[in-house]
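This report concerns only the one structure given below.
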Amino acid sequence: MLSEAIHFYAKAQYYSQAVKIAITNELDGEILSLSMASPKEVAFRSAAYFERKGLIEKAIRLYRKQELSKRLTCLPKSMASPN
């Protein structure tokens, strides 16, 4: 049922709602994939969620994808620098 709701919102391009459901249920894979296609505001919220969980690599991936470089400067240099 959750995956159907997420799919419905994503298909309708209501990424904010889809991500909200995914975050509430800690569906990290869904959050990342939805956020890669979402507006910057949604991606930023998702990246902050990943930071809180300690999943820094996923957060960095979203910050880079959405060109949120100001936030990257707040992360430790060893984590924010490209591989």
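Just to be sure, is SER78 assigned to a helix (DSSP H, G or I) and at pLDDT 95 or above?
Numbers: assigned to a helix (DSSP H, G or I): yes; at pLDDT 95 or above: no.
No: the conditions fail for SER78.
Return a yes/no flag: does segment 11-27 have any residue that is small (Gly, Ala, Ser) and at pLDDT below 95.
To start, the set of residues in segment 11-27 that are small (Gly, Ala, Ser) comprises 12, 16, 18, 22.
Next, only the ones that are at pLDDT below 95 stay: none.
The answer is no, given that none of the residues of segment 11-27 is small (Gly, Ala, Ser) and at pLDDT below 95.
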Considering (1) buried (at least 18 other Cβ atoms within 10 Å of the Cβ); (2) polar (S, T, N, Q); (3) modelled with pLDDT of 90 or more, say which one GLN66 fails and leave the rest.
(3)
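Has segment 28-37 got at least one residue that is farther than 20 Å from GLU67 by Cα and modelled with pLDDT under 95? Reasoning before the result, please.
Quick first cut of segment 28-37, residues farther than 20 Å from GLU67 by Cα only: 28-30.
Those still in the list that are modelled with pLDDT under 95 too: 29.
There is at least one residue in segment 28-37 that is farther than 20 Å from GLU67 by Cα and modelled with pLDDT under 95.
The values are calculated or read from the model by the stated rules, or taken from the named source; none is laboratory data. This one's a predicted model, so the numbers in the text were calculated from it and none came from an experiment. Please note: Cβ atoms are built from the backbone with ideal geometry, for glycine as well, and neighbour counts cover all protein chains shown.
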